[in-house]
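I have placed the structure first, in the form of structure tokens, so that the comments after it can refer back to it.
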Amino acid sequence: MGDGIRGSKDPRAEIGKFPDSTNERKKMSTKTIKQRIALVAASALTAGFLSVVSAPVASAAAGVAIDRDDISATTTFTAGENRGVCYVADATLDNADSTNTVEMLSTGILKLSIAGSPTISATSPAGGSNLKFAISGPANWINYTAATGNIAVPTLSADGKTLTATGTSTDVVATTAATLVPTGAGTVQVTITNNRSVTAGVTTAIEIITISVKASCTSGTISTGDSYVKLTSTTSKGTATGTNVDDADYTYAANAGTIYVRADLFDANGVALANTSATGLLTAETSSGAIVAHSTDTATVGLASTSTKGTYFAVSQATEDVPWAGTITIKHNGVVLATKSAKIFGAPKTIEVSGLDIRQAGAGSGQGGDFVMKDSAGNIVETNITGFTTLTDAQSSVITAGNASRTPSNTQARLLAGTPKGQFDYACLSSKGPGATATGLTLKYTNSALVTITSAPFTITCGGAAYTYSASLDKASYVPGDIATLTITAKDAYGNPAYDGDTLGVAGSVPSISGSNMTIVNASTSADTFLAGKKEYKFTVGATEGTYNMVVDLPEFNSASKPQSAITVGYKIAATTATVSNADVLKSIVALIASINKQIQALQKLILKR
């Protein structure tokens, strides 16, 4: 047993006209999928009038319960039996009410039939069992079909919404069909319940059927909300999408590459549109600078079309080696379904160098810098450099060129992380002491046409182990609450910057950095390293004003063999608004009183003269 509405795939005949001719009936397919609950359209009877149609009955097997049912239907018009049914779901048996869907006209009729002669009883479970067909929405029951013989005659509720068949004796045959007619457009739900299924005595919703009642059919008419367009890979371009979300890393392509756009058109019932010109044309339009083709057709500038409704288009550069960035618009009969942005990279035009390291002299070859290659539009292209331009004698005395490598794919993750860079290697020679720099270096790329491009000149510096160090603060004076930055600078024995990765100490020789009213943000450790010969530490400045010294002590470099000892860096903490002491206040008061006394004396003299 499974479930899901499943319908005949035969096309309906002249829905909306509903001819009753015998010739037309002969043309209609009678194919249905027999299941436990069968959904078919029936002849119309007067709305609100309950009638009985008898049907032959099979032997009522004792205690045949109604389980969750499979549903079938046909959209084929048959005079007196099937009318105005536009669509019945043909889903896999997925045990889900969400796929039990029907589309019908508001002038149609629908009949629900129960296969397999299920039974209900007056004695089992205690109090008897029943079968109910309940409607919510704009529709009423107008008819039921019952088996002849030992049957359970259903009753209709006063509002015409509920049919109930109750057991009248042991194991009688329940209602075998019920017919409804819409009273207007809208959504109708039919819920079938029984208290003899699953658990005896417990009322169970066996099936919920959702019926969309409409003035006209939408089956066979495109629904933009149910159709899909996405950018995809060459391996997935022939597969239906089921989503509008573009595949990762396929919104762009390398030089001479192809962007694939997959489109799948469906109606509101999720049925694929027929691949005929009668259902219209599917087109792909590109912005200037690209050409587009349907499937394997010859590409044309700007526009391609097809009557196929589940297919792909291929977009490529209009001009060889010239980058393109623009839009691809998919339309059906001129109505836009989706517009996608994409780009195709061009040929390499420039090389940019960054992230230069200070490698350790004599440590062998390793990564020493980064590079990116860009096309004429500034896009980072997926191409590796050829290597260093031939080194001069002066440059060769400092370094030896190594390999260049690049992760070949501009993956979406790398682009978002800002890491689509290549790396190049070199070795610093141990024989070079003072002036361990190589200037005027360039990287190059030579294409298949033997055209070479080069980077701007750059300089590589080699370094040895730290031998001396100095320290400085970023300000001479701070305000309470400031963040202070201390920079420790290390140089090797020849005065070159210490190499990248050299540590500030070793186990048992931990750096010590302290200053009054200065709280370090991240404490120093012996594993801290120099980068470009420097290491920075941050401090929070305290509230007590005054003049202080910060002590920087790196024990690893304070030895008899190295001309170094702990160093001090002076600084001041002062508020932006000057403070006034009590003594200053008292002094000002005394001065004010003296001034007032002098003025009084002068006034007295003036009065006496008069």
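Observations on the structure shown:
- Boolean, ASN275 is over 30 Å from GLU382 (Cβ atoms) and surrounded by 20 or more Cβ atoms within 10 Å (Cβ to Cβ): no
- 2 or more residues within 26 Å of LYS444 (Cα to Cα) and at pLDDT 90 or above: qualifying strands (runs of 3 or more DSSP E) within segment 292-361: 335-344, 350-354
- Here the condition is being under 29 Å from the mean Cα position of the chain (by Cα), of a type in the set (S, T, N, Q) and assigned by TED's automatic domain parsing to the domain that holds LYS230; of THR300, THR258, THR279, THR306, it holds for THR258 alone.
- Residue that is nearest to SER305 (Cα to Cα) [pool: residues in segment 233-257 that are crowded, with 19+ Cβ neighbours inside 10 Å and not aliphatic (A, V, I, L, M)]: LYS237
- Of the residues ALA284, ALA293, the single one that is in the same structural domain as GLY257 (by TED's automatic domain parsing), over 26 Å from the mean Cα position of the chain (by Cα) and among the small types (Gly, Ala, Ser) is ALA293.
- Here GLU545 fits the description: modelled with pLDDT under 95 and either buried (at least 18 other Cβ atoms within 10 Å of the Cβ) or among the charged types (D, E, K, R) (or both).
- Only listed residue being of a type in the set (A, V, I, L, M, F, W, C) and under 17 Å from LYS237 (Cα atoms), chosen from ALA274, ALA314, ALA290, ALA325: ALA314
- Qualifying residue in segment 576-583 (condition: closer than 30 Å to ASN517 by Cβ, of a type in the set (A, V, I, L, M) and surrounded by 10 or more Cβ atoms within 10 Å (Cβ to Cβ)): no
Here is a yes/no grid of residues against (1) out of contact with any strand residue (DSSP E or B) (no Cβ under 9 Å at 6 or more places or on another chain); (2) more than 17 Å from GLN564 (Cα to Cα); (3) of a type in the set (A, V, I, L, M, F, W, C); (4) surrounded by 13 or more Cβ atoms within 10 Å (Cβ to Cβ):
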site	(1), (2), (3), (4)
GLY463	no, yes, no, yes
VAL479	no, yes, yes, yes
ASP492	no, no, no, yes
GLY501	no, yes, no, yes
ILE513	no, no, yes, yes
SER524	no, yes, no, yes
ASP528	no, yes, no, yes
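- Of all the criteria given as (1) touching a strand residue (DSSP E or B) at 6+ places or on another chain (Cβ under 7 Å); (2) without any contact (Cβ under 8 Å) to a residue 40 or more places away in the chain, the one not satisfied by GLY533 is (2).
- Residue check, LYS572 within 27 Å of CYS462 (Cβ to Cβ), in a strand (DSSP E or B) and either among the charged types (D, E, K, R) or in contact (Cβ under 8 Å) with a residue 12 or more places away in the chain (or both): no
- Residue match in segment 552-560 (condition: within 25 Å of ALA493 (Cβ to Cβ), of a type in the set (S, T, N, Q) and outside any helix (DSSP H, G or I)): yes
- Tally of residues being over 15 Å from VAL292 (Cβ atoms), surrounded by 15 or more Cβ atoms within 10 Å (Cβ to Cβ) and of a type outside the set (A, V, I, L, M) across segment 331-351: 6
- For first residues located in segment 153-177 and outside the structural domain of ILE109 (by TED's automatic domain parsing) and surrounded by fewer than 20 Cβ atoms within 10 Å (Cβ to Cβ), partners that are in a loop (DSSP other than H, G, I, E, B) and at pLDDT 85 or above and lie 6+ apart or on another chain with Cβ distances below 8 Å do not occur.
- Selection count where residues are touching a residue at least 40 places away in the same chain (Cβ under 8 Å) and either under 28 Å from GLY481 (Cβ atoms) or within 48 Å of the chain's Cα centre (by Cα) (or both), scope segment 505-517: 8
- Number of positions in segment 484-504 that are assigned to a strand (DSSP E or B), under 45 Å from the mean Cα position of the chain (by Cα) and under 7 Å from PHE530 (Cβ atoms): 0
- Evaluated against (1) under 15 Å from LEU231 (Cβ atoms); (2) part of a strand (DSSP E or B), GLY257 falls short on exactly one condition, (2).
- Filtering segment 260-291 to residues that are farther than 18 Å from ASP246 by Cα and in a strand (DSSP E or B) leaves PHE266, ASP267, ALA272, LEU282, THR283, ALA290, ILE291.
- Only a single criterion out of (1) more than 30 Å from ILE453 (Cβ to Cβ); (2) not small (Gly, Ala, Ser); (3) not assigned by TED's automatic domain parsing to the domain that holds GLY422 is not satisfied by THR319, namely (1).
- Screening the candidates LYS535, LYS475 for the property of being at pLDDT 95 or above and either hydrophobic (A, V, I, L, M, F, W, C) or assigned to a strand (DSSP E or B) (or both) yields one hit, LYS535.
- Residues (modelled with pLDDT under 85, within 24 Å of VAL85 (Cβ to Cβ) and not aliphatic (A, V, I, L, M)) located in segment 194-217: GLU207
- Some residue of segment 522-532 being in a strand (DSSP E or B) and either out of contact with any Cys (no Cβ under 6 Å at 6 or more places or on another chain) or not hydrophobic (A, V, I, L, M, F, W, C) (or both): yes
- Residue check for ALA560: loosely packed, with under 13 Cβ neighbours inside 10 Å and at pLDDT below 95: yes
The values are calculated or read from the model by the stated rules, or taken from the named source; none is laboratory data. Here the structure is a predicted model, which means the values were calculated and not measured. Note that we place each Cβ from the backbone using ideal geometry, even for glycine, and neighbour counts take in every protein chain shown.
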